[in-house]
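The values are calculated or read from the model by the stated rules, or taken from the named source; none is laboratory data. Everything numeric here is computed off the predicted structure, so don't read it as measured data. For neighbour counting, all protein chains shown are included, and Cβ atoms are generated from backbone atoms with ideal geometry for every residue, glycine included. Side chains included, ligands, DNA and RNA excluded: accessible areas come from the protein's heavy atoms. Shrake-Rupley method; radii C 1.70, N 1.55, O 1.52, S 1.80 Å.
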Amino acid sequence: PSAEALDRLKPWAVWMMLARGGVTSSAPVLDELLIVEAQSRRMTVFGLERPDEQVASLETLPLATQVALVRWALANRHRVDSDREAMIEAWLARDLRRLEGLVNASAKIDPAMAPHVREINLQLLENRNILMAHRLFLPLRVGRVFVAVGAAHLYGSRGLLALIRAQGY
């Protein structure tokens, strides 16, 4: 973005741009492809979360955490693409433990990042997982539901899979 636009961005928005790394394709993102595929199969499509709710979750991150994330992303730009590839490989292998380790890697590499990683896990994963599990309860009762979420929402005792298992699925 231009320097003028960059001045108006919140740190979490800069962090998200940095996390994209070299991805600049104009091709449809996976979410769009999944929606088109589901609609072609005459499946009902609904969101588990509205865009304003996603933004609100990012807004809950303390400013210190947002700034730490930007600093970490800038200092570790060289890792962005390889980390993304490692996450894709772990997801394809259905290796949820490895996914969890990759999401939390910055806290292991730099202990000063640990409180910020905990905050991210709480605000961006755990709290949102609870809402998503709640919104899935009735559709799962009806059956024949396909759910698409980011891979980091799947693992752990507070992950979406554990929460829907606790609901009896």
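Considering the stretch 70-83, and only residues there that are open to solvent by less than 40 Å² (accessible area, probe 1.4 Å) and touching a Leu at 6+ places or on another chain (Cβ under 8 Å), the residue that is modelled with the highest pLDDT turns out to be VAL70. Here ALA105 meets each of (1) surrounded by 15 or more Cβ atoms within 10 Å (Cβ to Cβ); (2) in contact (Cβ under 8 Å) with a residue 60 or more places away in the chain with one exception, condition (2).
Counting the residues of the stretch 80-117 that are in a helix (DSSP H, G or I) and under 21 Å from ARG20 (Cα atoms) gives 26.
If you go through the stretch 123-136 and keep only what is in contact (Cβ under 8 Å) with a residue 12 or more places away in the chain and open to solvent by 70 Å² or more (accessible area, probe 1.4 Å), you end up with ILE130, ARG135. ILE120 - would you say it is under 27 Å from THR44 (Cβ atoms), open to solvent by less than 70 Å² (accessible area, probe 1.4 Å), at pLDDT 90 or above and of a type in the set (Val, Ile, Thr)? Here the answer is no, as ILE120 does not meet what is asked. For GLY101, state whether it is modelled with pLDDT of 90 or more and not basic (Lys, Arg). Answer is yes for this residue. Checking each residue in the stretch 145-169 for being outside any helix (DSSP H, G or I) and in contact (Cβ under 8 Å) with a residue 12 or more places away in the chain picks out PHE146, VAL147, ALA148, VAL149, LEU154, TYR155, GLY156, ARG158, GLY159, GLN167, TYR169.
Mind listing just one residue for me: the one in the stretch 137-153 that is within 28 Å of TRP72 (Cα to Cα) and open to solvent by 30 Å² or more (accessible area, probe 1.4 Å) and, of those, farthest from the chain's Cα centre (by Cα)?
VAL149
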